[in-house]
Amino acid sequence: MVSAGDSRAEQRSSVRRDLTSILRGYLLFAGAAGVVWALVAAFSLASFDVTAYQVLLAFGAAVALVAGVIAAVEARKPREQPLLAPVGVAIAPDGRVYVADRDRSQLVQIQASGEVEPVLRRLGTFDYWAYSAYGVAVADDGAVLYADARHQCVRRIQPGGEEDLFGGREGLMSADVSRPSQDGEQVLSRPVALAAVGDGALVCTVGDDRVWRVNADRTQSVVAGAGGRGGAADGTPAVEARLRSPRGVTVDARGRVVFSERWGHVVRVVLDDGTLATLAGNGERGRSGDGGPATQARLSGPTGVAAGVDGCVYVADTGNGRVVRVDPDGAFTTIAEDLGAPHGLALDRRGALYVADARGGRLWRLDPDGTITQLISGSGERPDAPATNATEEPSLP
């Protein structure tokens, strides 16, 4: 679960990075000044007419030269990786790629050149005032939506850059989410994933284990989940079912809502009659199923889901470090593995699948011909990352 301690750690880490950048800039300046200073001091001392001023000058030159050496060493160090823990990815209608980087509380845009351009990166004075970007989606009009788990809401960045509240109401994680506000709006309890649908969005909330539909007028309704964690059999009305951490949501080619249950180790679909059915996973944690029926496969903490126009559904099997495909006939196939901890998934118009790796700080692209390309390189393994087969990642709700 995300806690105040996690938030403080994130902010301290960001402050350290900023201070390091300032220090490097100072050292580079001091190194350049030191060269000039040393030449002046050497010329003065060469006259053998040593004064207190000259001694001080020489001492200052020595200090500056040492700073210059340190700066040179720092300059040779690898640059900070552009992404730390990407958990969400979305493709805009014009092909732009957006990534939600959870541990840096930032939303970035990936340029065609591979450069990472921050779209949103704000840290406030107090821990809880830092905006957080967990899930991200792009509406048909180009507006970017992101799930702000820390403030219990979904926010929108308009094509012109203006930002406003799209769903829920802003409040801290400790807020009472069991009751609607006076104007009837319900808090979105820790939203972590979303999908743009028409002029609205589908939102997964892990604070109350629900999937919501949020409309453009900010009204919202429950799609699945009765509130509170539990388990539900197939055939249960979706709004009466107790879910186990819905972590990814999409709409399939038939217009049905599909979502993952991370700690239920299944992927569910809401049928036309409003009941739940299992699309993949038998509810037992593990790794199996290739070539067989998807409902008999074993998954380990699935998160992101994406649906193709051909009827296929793609699933980030996070605990197993792989991405799997469920065909329209129910067949189950692993299409890529050894991807770290895949979370967010997104398909572009040519059918390429983008995968956000929260463990290694990487962004992958799986092309229709089977080619796997690493678009953004990360560390490959965060030193503080939990084991892949951990029961539950402590930094993720």
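The values are calculated or read from the model by the stated rules, or taken from the named source; none is laboratory data. Only a predicted model underlies this, so the values are computations on that prediction, with no experimental measurement involved. Reconstructed Cβ throughout: ideal geometry from the backbone, glycine too, with neighbour counts over all protein chains shown. Ligands, DNA and RNA are excluded from the accessible area calculation, which covers all protein heavy atoms including side chains. Shrake-Rupley method; radii C 1.70, N 1.55, O 1.52, S 1.80 Å.
Figures for the structure shown
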| item | result |
| --- | --- |
| Single unsatisfied condition, Q109 versus (1) surrounded by 22 or more Cβ atoms within 10 Å (Cβ to Cβ); (2) polar (S, T, N, Q); (3) at pLDDT 85 or above | (1) |
| L276, sole failed condition from (1) open to solvent by less than 20 Å² (accessible area, probe 1.4 Å); (2) within 23 Å of V211 (Cβ to Cβ); (3) of a type outside the set (D, E, K, R); (4) not in a strand (DSSP E or B) | (4) |
| Residue within the stretch 223-235 that is part of a strand (DSSP E or B), out of contact with any helix residue (DSSP H, G or I) (no Cβ under 9 Å at 6 or more places or on another chain), modelled with pLDDT of 95 or more and over 17 Å from A196 (Cβ atoms) present | no |
| All positions within the stretch 302-321 that are open to solvent by less than 10 Å² (accessible area, probe 1.4 Å), charged (D, E, K, R) and not in a strand (DSSP E or B) | none |
| Selection from the stretch 229-249 of residues that are surrounded by fewer than 24 Cβ atoms within 10 Å (Cβ to Cβ), more than 19 Å from R298 (Cβ to Cβ) and within 24 Å of the chain's Cα centre (by Cα) | R229 |
| From the options L202, L120, residue that is modelled with pLDDT of 75 or more, within 25 Å of D348 (Cα to Cα) and within 14 Å of the chain's Cα centre (by Cα) | L120 |
